Amino acid sequence: MKNDDFEKGEDIIAGRNPVSEALKSGRSIERILVAHGEMSGSVKVIVAKAKEKGIPIKEVDSRKLDFMCGNANHQGIIAIAAVKEYVSVDEILKIAEEKGEKPFIIILDNIEDPHNLGAIIRTAECAGAHGVIIPKRRAAGLTFSVGKASAGAYEYMPVARVTNIPATIDELKEKGLWIYGADMDGKTYCTSDLKGACALVIGSEGKGLQRLVKEKCDVILSLPMLGKINSLNASVAAGVLMYEFTRQRLEIKAK
C-alpha cells in the first residue's frame, strides 16, 4: 500500500483517548489522520481542538490507519507526533545572546520535502546557526524522516514553528535583525555584508519565496547560475548561502 503519510519509525499515537490526552498535554503533533466516516462524536471534538492549535487534519481510508498501527485498535483516529519539541523564536534569540554572538537564524518559507528540511537543519547546525524557523502549515515538520535526513543534527539545532512567517519577520526586524531572502533576481550573494544580526530566508522547492515574504526581506541574495539549469535544490542553495554567512562571521572572530 502506498502511504505518503507514514514512514517506519514515526511516533504514532492511536485511539481517541490517547490522541485527546496528547493534545491536552501540549505534545507537539505534526498532523492527525481520521478514517473516512469517523468525523463525528468524540472524534469531532478532538478534531476541533486540533484545529484550534493549527494542527493539519486529513481524512484517509481506514486501511491506511490499520497499516500504520499494525492493525491495532485505532478507533478511526491517529496522531503523528514530532520527534522533538519545538522552541520559541525568543528562545533561539536567547541562545545567541548566551553565546555572546549576533543572531544567525534560518527561516524556511514552506519547505515541503522532509529530506530537504533535514539536510538544511544539518547544514545549519554545522554552519553555526542559532536556530531554524518553519511554518505550522503547508510545510514539513520534525518527523522521523526529517530527523533521519538531518543525520541527528535535529537533536542540537533548535527549531521554532510559527503561524505566520511574514509576521515573524517583522518581529525579528524590530529586534534588530537584517533579513536576507534567497531568490534569482537579487544581488550576487558574496557581495553583501552578512556579518551582523541576521536571518536567511529560503523559499519552497517549487515556488521560491512567497510574494509577501520577499517584499519584507531587506536584501535579496542570488547565486550565479552559469549552466543550462537556472535553479538549485533548496537545501543545496541554502548550504552555499549559509556558509558565506559563516565565512564572513568567522572573519570578525579572526581579527
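What length, rounded to one decimal in nm, is gained on full extension from LYS148 through to VAL45, with 0.36 nm per residue of separation minus their alpha-carbon distance?
Here the segment from LYS148 to VAL45 would lengthen by 33.7 nm.
Please give the solvent-accessible surface of LYS173 in Å², to the nearest 10, using a probe radius of 1.4 Å with every protein chain present.
Ignoring ligands and nucleic acids, LYS173 comes out at about 70 Å².
Can you pull the accessible area of ARG122 for me, 1.4 Å probe, Å² to the nearest 10?
My reading of the accessible area for ARG122 is about 120 Å².
Sort 225-232, 238-245, 213-220 by the packing proxy (mean of other Cβ within 10 Å over each peptide's residues), most packed first.
Highest-to-lowest ranking by the protection proxy: 238-245, 213-220, 225-232.
How much length, in nm to one decimal, is gained on full extension between CYS190 and SER62, taken as 0.36 nm per residue of separation minus their Cα-Cα distance?
The CYS190-SER62 span can extend by a further 40.9 nm.
Could you work out how far helix 16-25 tilts from the main Cα principal axis of the chain, as a 0 to 90 degree angle to the nearest 10?
The angle comes out at about 40 degrees.
Give, in nm to one decimal, the length gained when the segment between GLU155 and SER88 is fully stretched (0.36 nm per residue of separation minus the Cα-Cα distance).
This chain segment gains 22.6 nm when fully extended.
With the cut-off at 1.5 for a/c, could you classify region 2-154 from its C-alpha gyration tensor as rounded, prolate or oblate?
prolate
Roughly how many Å² is the accessible area per residue of the chain, as a whole number, for a 1.4 Å probe?
Here the per-residue accessible area is 50 Å².
Give the label of the value calculated from the structure for Rg and Dmax of the Cα atoms in Å, choosing from (i) 17.3, 51; (ii) 18.0, 59; (iii) 19.7, 66.
Among (i) 17.3, 51; (ii) 18.0, 59; (iii) 19.7, 66, the one calculated here is (iii).
Pull up the cross-link candidates among the lysines for LYS44, meaning alpha carbon to alpha carbon under 18 Å and not fewer than 8 places away within one chain.
LYS24, LYS53, LYS58
Could you name the lysines whose alpha carbon sits less than 19 Å from that of LYS216, not counting residues in the same chain fewer than 8 places away?
Answer for LYS216, where 19 Å is the Cα cut-off: LYS173, LYS175, LYS187, LYS207, listed by chain and number.
Would you mind putting 41-47, 143-149 in packing order, based on average other-beta-carbon counts within 10 Å, highest first?
Per-residue Cβ counts within 10 Å, averaged per peptide and sorted highest first, yield 143-149, 41-47.
Using all alpha carbons of region 164-228, what is the percent of pairwise distances in each 5 Å bin, ordered from the shortest bin to the longest?
Binned Cα distances yield the sequence 4, 17, 29, 24, 16, 7, 2, 1, 0.
For every helix of n ≥ 4 consecutive DSSP H residues, a contribution of -39,500 (n - 2.57) applies; sum these over the chain, divide by its total residues, and give [θ] at 222 nm rounded to the nearest 500 deg cm²/dmol.
-11500 deg cm²/dmol
Expressed as a whole percent, how much of the Cα-Cα distance distribution for region 143-195 exceeds 17 Å?
Summing the P(r) of region 143-195 above 17 Å gives 62 percent of all pairs.
Using a ≥ b ≥ c from the Cα gyration tensor of region 140-255 (square roots of the eigenvalues), is it rounded, prolate or oblate, where a/c under 1.5 gives rounded and otherwise the larger of a/b and b/c decides, a/b for prolate?
Rounded shape, in that the Cα axes give a/c under 1.5.
The values are calculated or read from the model by the stated rules, or taken from the named source; none is laboratory data. None of these values were measured; they are calculated from a predicted model. Quick reminder, even Gly has a Cβ in these numbers, built from the backbone with ideal geometry, and neighbours come from all protein chains shown. Ligands, DNA and RNA are stripped out before the accessible areas are found, and what is left, the full protein with its side chains, is counted by its heavy atoms. Shrake-Rupley method; radii C 1.70, N 1.55, O 1.52, S 1.80 Å.
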